Amino acid sequence: MTNKNETLNIDYDLLMDLRVDFAFKCFAEGNPESLISILNAIFANAKIKRIVKSVRLKNPTMDKKSIEDKLSILDVRAELDDGTDILIEMHLHGLGQLKSKTIRSWARAYSEELETGQRYTQQPPTITIAFANGAVEPIKTAQNTKNKIHRVCMIMDKDDGTIFTEALELHYIDMKAFAKAVNEANSINIKETHEDMFAYWLSIITQKEIVNKDIIENARKEKEVIQMAVLAIARQSEDKIMRQAYQRRKDELFFHNLEVEQLKCQVEQSDRRAEQSNRRAEQAEKASEEKDVIIAQLKARLGEN
């Protein structure tokens with residue numbers, strides 16, 4: 001799979017899953033043009049007037065202070081041509097504390113960008129983009145409860161909704177909700193996405209979950225940048241050394257998430273046992289109080305007699 005003729009028929013089962021942070025990081029760093037296209041598609045889908053023309057990739061700082069963060073974090077960090085700092089995270093597992101983790105990573109990245117002697121007002125904004133294999137939390141409406149594919153969060157005035165500062169911008173992209181919508185519609189043209197390129201890129205990122213692979217094939221035929229991206233992923237997937245590292249990372253993420261979930265269950269079970277013990281103690285105390293009341297009443301009656 002090294003040229004167009006050889007890659008007309010791609011076995012998608014053999015491609016690396018870009019939802020695994022290692023695979024996405026390798027792809028993004030090896031294909032800056034694709035990364036630029038992905039970022040522009042995300043901003044266009046959010047109706048944000050920002051055009052990315054170039055990116056400068058940087059090494060992100062690792063942060064492993066929480067028990068959920070014992071693994072090295074394989075984020076993609078880049079600086080845009082206007083100085084804006086971008087942090088891209090891929091979360092295949094462990095969404096329980098995603099909001100707190102992304103806010104923390106944003107704060108860390110934002111604090112690192114202020115240079116010595118620089119005014120606070122001169123510091124460019126920091127943007128965190130979190131691809132999550134599931135919802136951060138459901139959005140409740142008057143009609144129903146659904147998971148939004150793309151949420152954009154900023155600091156806003158509570159009363160009038162005006163943006164307080166553009167320094168904080170968080171994008172949450174629910175990959176599972178996208179794949180579910182595409183599978184149900186059997187089409188990439190779904191209401192939840194406003195920008196075609198955003199839907200094209202998400203179809204590539206979530207291709208492991210998309211049942212009808214003709215959707216991916218059509219995306220390749222319609223957009224040359226998507227075609228080139230698929231070929232790049234295919235070449236990346238054929239590299240034996242990279243493939244082994246990818247599989248190790250995939251297994252590492254799976255077992256780490258399993259460990260975290262088991263710990264979570266143990267804590268929940270411990271909490272339930274403590275709650276049951278407290279409830280029994282309360283019931284015993286109440287029974288004792290009722291007993292004391294009855295004894296007092298009996299004594300009072302005996303005294304009267």
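The values are calculated or read from the model by the stated rules, or taken from the named source; none is laboratory data. Here the structure is a predicted model, which is why all the values come from computation and not from measurement. Please note: Cβ atoms are built from the backbone with ideal geometry, for glycine as well, and neighbour counts cover all protein chains shown.
How many residues are farther than 20 Å from Ala107 by Cα, in a loop (DSSP other than H, G, I, E, B) and of a type in the set (Asp, Glu) if we restrict to the range 156-174?
Residues meeting the conditions: 2.
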Matching residues in the range 242-261 (within 13 Å of Met16 (Cβ to Cβ) and among the acidic types (Asp, Glu)) number 0
Quick one: which strands (runs of 3 or more DSSP E) sit completely within the range 1-92 and have at least 1 residues that are under 19 Å from the mean Cα position of the chain (by Cα) and modelled with pLDDT of 90 or more? 85-91
Answer yes if at least one residue in the range 101-109 is at pLDDT 85 or above, hydrophobic (A, V, I, L, M, F, W, C) and in contact with a helix residue (DSSP H, G or I) (Cβ under 9 Å, 6 or more places away or on another chain), and no otherwise. no
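From the residues in the range 199-245 that are in a helix (DSSP H, G or I) and within 19 Å of the chain's Cα centre (by Cα), which one is surrounded by the most Cβ atoms within 10 Å (Cβ to Cβ)?
Leu202
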